[in-house]
Structure formats: structure tokens, C-alpha cells
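As C-alpha cells, the structure follows; a few thoughts come after it.
What follows draws every value from the coordinates through simple rules; no lab data is involved. Quantities reported herein were computed from a predicted structural model and do not represent experimental measurements. Positions of Cβ are backbone-derived with ideal geometry, glycine not excepted, and every protein chain shown enters the neighbour counts.
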Amino acid sequence: VLFCALRDKEWKDMLTTLAPFVESFVLTDAPTAPASRAWNLEEARAFLHHINAPGEIAWTFDDALRQVENAGTVVITGSFHTVGDAMARLQVSPFAL
């Protein structure tokens with residue numbers, strides 16, 4: 001799971017809910033997320049460790065995409081910014097059939 005959330009959202013609950021179903025997390029920041037609402041990646045990684053979920057930090061969104069590009073199944077989630085930025089980078093239209 002490539003995951004990014006805004007700090008004022010319930011990201012701990014999201015990670016806790018996803019963790020039993022996820023092989024590994026890649027935590028990052030979405031480029032379009034407002035800097036004033038950015039979450040703390042180190043805190044998020046520490047939280048993953050606390051709930052015994054594997055994961056790592058990708059310091060840039062492009063690095064995060066590169067880290068997951070060869071995975072069998074990838075879920076990109078956390079915020080609309082995260083999903084929208086991934087769709088833009090991957091040139092995927094939300095209106096494609």
C-alpha cells in the first residue's frame with residue numbers, strides 16, 4: 001500500500017484497519033497536499049512499528065511510485081491528494097472504463 005494522509009485526518013485508524021491485509025506500506029507525502037496539513041512521516045513509521053506492520057518511508061512521491069511499481073497488487077490510498085497525484089503521474093483518467 002502506497003499511503004499518504006493529511007495530519008488532521010484519522011490516519012492511525014486507517015493504518016490500523018488496513019494493516020492485517022497489507023504485506024507492506026510505503027509512506028510518503030502527496031505533492032498537492034497543503035504543506036500546512038502535511039503529516040509527519042517519522043511519526044507514521046513509528047506508529048506502523050507500534051502496531052507491528054511493515055513499512056518504510058519514501059521521501060518523494062516519485063520514489064514511492066518507483067518502490068511499488070513491481071509489486072503484484074498495489075493499493076494507493078489515504079487521501080484524495082494521494083490518489084489524484086498517482087492518477088496524474090500514471091496518466092490514468094478517473095473516467096476511463
Relative contact order %, the chain, counting alpha carbon pairs below 8 Å whose residues are six or more apart: 37 percent
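If you add up the charges near residue 54, with Lys and Arg at +1 and Asp and Glu at -1, over every other residue whose beta carbon is less than 11 angstrom from its beta carbon, what do you get?
Here the count lands on -1.
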Cα pair count fraction exceeding 20 Å, expressed as % - region 10-86: 25 percent
Value at 222 nm in deg cm²/dmol, rounded to 500, when DSSP H runs of n ≥ 4 in the chain each add -39,500 (n - 2.57): -11000 deg cm²/dmol
Degrees separating the helix 80-90 axis from the principal Cα axis of the chain, which is the longest one: 50 degrees
